[in-house]
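Chemist: Let me begin by handing over the structure; questions about it come next.
The values are calculated or read from the model by the stated rules, or taken from the named source; none is laboratory data. All values derive from a computational prediction rather than experimental measurement. Methodologically, a virtual Cβ is constructed for each residue, glycine included, from the backbone with ideal geometry; neighbour enumeration extends over all protein chains shown. Ligands, DNA and RNA are stripped out before the accessible areas are found, and what is left, the full protein with its side chains, is counted by its heavy atoms. Shrake-Rupley method; radii C 1.70, N 1.55, O 1.52, S 1.80 Å.
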Amino acid sequence: MPLVCLTDFEAHAREQLSKSTWDFIEGGADDCLTRDDNIAAFKKIRLRPRYLKDVSKVDTRTTIQGEEISTPICIAPTGFHCLAWPDGEMSTARAAQAAGICYITSTYASCSLEDIVATAPGGLRWFQLYVHPNRQLNKQLIQKVESLGFKALVITVDVPKIGNRRHNITNQVNLMKNLLLKDLGSPEKGNLMPYLQMSPIDSSICWDDLSWFQSMTRLPIILKGILTKEDAELAVKHNVHGIIVSNHGGRQLDEVPASIDALTEVVAAVKGKIEVYLDGGIRTGNDVLKALALGAKCVFLGRPILWGLAYKAAGRLTRSVGT
């Protein structure tokens with residue numbers, strides 16, 4: 001039976017993936033209220049249709065940070081794509097290149113940055129950074145992505161501590177058993193570092209640290225995880241180039257606003273001075289339309305990309321993060 005919408009791909013992925021892998025991908029923080037609100041909030045918004053407009057020719061192209069994309073629907077940073085398909089992020093990069101859209105590669109990619117670039121050399125790529133306590137390591141990684149042709153640096157700001165994801169605790173998820181972080185190697189020895197336990201996130205990062213990042217790269221800096229007008233105003237004040245309105249797919253701090261509910265105040269706060277994007281809860285074309293109508297320049301998809309990879313793997317692969 002053909003899969004005709006994202007809901008079908010979601011159901012198919014759930015059948016194909018192991019329980020621990022599914023729980024890891026779908027899990028949210030605490031009671032998962034924000035995760036679920038991300039989807040429900042879109043359904044509360046109604047369209048005001050205007051007719052008798054010539055729509056015989058439709059052009060969905062737009063630009064983000066000066067680079068053209070075929071449509072304002074791009075790929076958010078999610079980690080460990082090899083859990084859903086052996087080629088992992090390489091397949092994701094190839095698909096993004098073929099579609100003419102932007103792919104934000106995660107710090108927690110399960111393929112090396114070199115392999116991702118080599119498999120889709122013409123693709124538009126941004127790099128998402130979890131700030132490491134070791135400044136030299138951050139510098140090394142940023143210089144690497146810049147040399148590899150990534151076009152923007154996306155700094156995730158909503159993870160001073162990893163969210164309380166109960167399913168991962170219940171399943172005793174241990175990604176270190178399966179995966180190595182290919183790009184966070186020791187600056188001195190160049191060796192690989194196991195995921196998570198040996199790649200901590202800097203919980204001391206603050207607004208004043210942005211100038212340090214700006215001093216070392218020519219890449220535009222995008223802040224991912226902004227939900228309030230106050231932080232949006234500070235982002236403009238600190239001369240960043242864009243904001244991704246996001247609550248990390250409900251995986252970080254539960255009981256915060258749905259992304260689409262936070263979008264309007266962020267857009268109003270920046271007053272058109274920087275581009276604003278959105279992720280979280282987007283499941284239909286109408287959802288995309290609503291986000292654009294409320295001021296987003298582009299939307300980014302997270303979990304649905306992994307569902308698509310799982311469909312590619314159907315019948316040939318069952319991967320588990322717990323074994």
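Chemist: Please list, in order along the range 288-295, the HN-Hα scalar couplings obtained from phi with the Karplus expression 6.51 cos²θ - 1.76 cosθ + 1.60 (θ = phi - 60°), rounded to whole Hz, x for Gly and Pro.
Modeler: Each residue's phi maps through the Karplus curve to give 4, 4, 4, 5, 5, 5, 8, x Hz.
Chemist: Using a/c under 1.5 as the rounded threshold, could you call the range 23-155 rounded, prolate or oblate? The axes a ≥ b ≥ c are square roots of the C-alpha gyration tensor eigenvalues, and prolate needs a/b larger than b/c, oblate otherwise.
Modeler: Oblate shape, in that a/c is at least 1.5 and b/c is the bigger or equal ratio.
Chemist: On to the next question. What is the range 73-155's relative contact order, in percent, from Cα pairs under 8 angstrom and six or more apart in sequence? Let's see the in-between values first.
Modeler: Values: 133 pairs, mean separation 23.7, N = 83.
Contact order relative to length: 29 percent.
Chemist: How much accessible area does GLU233 have with a 1.4 Å probe, in Å² rounded to the nearest 10?
Modeler: Its heavy atoms expose roughly 100 Å² to the probe.
Chemist: Restricting to the range 198-306, what percent of DSSP beta bridges are antiparallel, rounded to 5?
Modeler: Percent antiparallel among DSSP bridges in the range 198-306 is about 0.
Chemist: Each residue of the range 202-211 in order: what ³J(HN,Hα) in whole Hz does its phi give by Karplus 6.51 cos²θ - 1.76 cosθ + 1.60, θ = phi - 60°, with x for Gly and Pro?
Modeler: Using θ = phi - 60°, the values come out as 6, 8, 9, 4, 9, 4, 5, 6, 4, 5 Hz.
Chemist: Let me ask something additional. If amide H atoms are built 1.01 Å from N in the plane of the peptide, which residues on other chains or at least 5 residues away come under 5 Å of the amide H of GLU275?
Modeler: Answer set, sorted by chain and number: ILE243.
Chemist: Build a GNM of the chain with springs between Cα atoms under 10 Å: which of LEU47, LEU263, LEU17 gets the top mean-square fluctuation?
Modeler: In the Gaussian network model the winner is LEU47.
Chemist: For a quick check, take a GNM of the chain with Cα springs below 10 Å and name the residue from LEU153, LEU52, LEU309 with the largest mean-square fluctuation.
Modeler: For the chain, modelled as a Gaussian network with Cα springs under 10 Å, the answer is LEU52.
Chemist: Next question. Based on Cβ point charges of +1 for Lys and Arg and -1 for Asp and Glu, what charge dipole magnitude is obtained for the chain about its Cα centre, in debye rounded to the nearest 20?
Modeler: 520 debye
Chemist: VAL266: net charge of surrounding residues, Cβ under 9 Å, Lys/Arg +1, Asp/Glu -1, itself excluded?
Modeler: -1
Chemist: Identify all lysines with a Cα-Cα distance to LYS144 below 20 Å; exclude those on the same chain that are fewer than 8 residues away in sequence.
Modeler: Once the sequence-local lysines are set aside, what remains near LYS144 is LYS182, LYS189.
Chemist: Identify all lysines with a Cα-Cα distance to LYS19 below 20 Å; exclude those on the same chain that are fewer than 8 residues away in sequence.
Modeler: Partners within reach: LYS177, LYS312.
Chemist: Near the amide H of CYS298, under 5 Å away, which other amide H atoms are found, from residues 5 or more places off or on another chain, if H is placed in the peptide plane?
Modeler: Result for CYS298 returns LEU278.
Chemist: If the limit is 21 Å between Cα atoms, which of LYS151/LYS224; LYS43/LYS290; LYS224/LYS273; LYS43/LYS224; LYS229/LYS271 go over it?
Modeler: From the list (LYS151/LYS224; LYS43/LYS290; LYS224/LYS273; LYS43/LYS224; LYS229/LYS271), the Cα-Cα distance tops 21 Å for LYS43/LYS224.
Chemist: Would you please give the residues with an amide H less than 5 Å from that of ILE64, counting only those at least 5 places away or on a separate chain, with H modeled from the backbone geometry?
Modeler: ILE69
Chemist: So what is the orientation-averaged projected area of the range 199-323, using the convex hull of its C-alpha atoms, in nm²? Mind showing how you got there, number by number?
Modeler: Values: hull surface 41.8 nm².
Directional mean of the projected Cα hull area for the range 199-323 stands at 10.5 nm².
Chemist: On to the next question. Leaving out ligands, DNA and RNA, and with a 1.4 Å probe, what % of the accessible surface on the chain is carbon or sulfur?
Modeler: Values: 8040 of 15310 Å².
Exposed carbon and sulfur together represent 52 percent of the surface.
Chemist: Additional query: As a test, work out the antiparallel percent of DSSP beta bridges whose residues both lie in the chain, rounded to the nearest 5. All intermediate terms of the calculation are to be shown ahead of the outcome.
Modeler: Numbers: 5 of 31 bridges.
Beta bridges within the chain, antiparallel portion: roughly 15 percent.
Chemist: A follow-up question, please. Counting Lys +1, Arg +1, Asp -1, Glu -1, what net charge surrounds THR156 among other residues with beta carbon under 12 Å of its beta carbon? Write down the numbers at each step before the final one.
Modeler: Details: positive: LYS224, ARG251; negative: ASP158, ASP202, ASP279.
For residues surrounding THR156, the net value is -1.
Chemist: Here is a follow-up. Once phi is turned into θ = phi - 60°, what whole-Hz ³J(HN,Hα) does the Karplus curve with 6.51, -1.76 and 1.60 give for every residue of the range 43-55, x standing for Gly and Pro?
Modeler: Values, residue by residue: 6, 8, 8, 10, 7, 10, x, 10, 10, 6, 10, 6, 10 Hz.
Chemist: Is the shape of the chain best called rounded, prolate or oblate, per the rule: a/c under 1.5 gives rounded, else a/b larger than b/c gives prolate, else oblate, with a ≥ b ≥ c the square roots of the Cα gyration tensor eigenvalues? Show your work: numbers first, answer last.
Modeler: Details: a/c = 1.37, a/b = 1.10, b/c = 1.24.
Note, shape of the chain comes out rounded.
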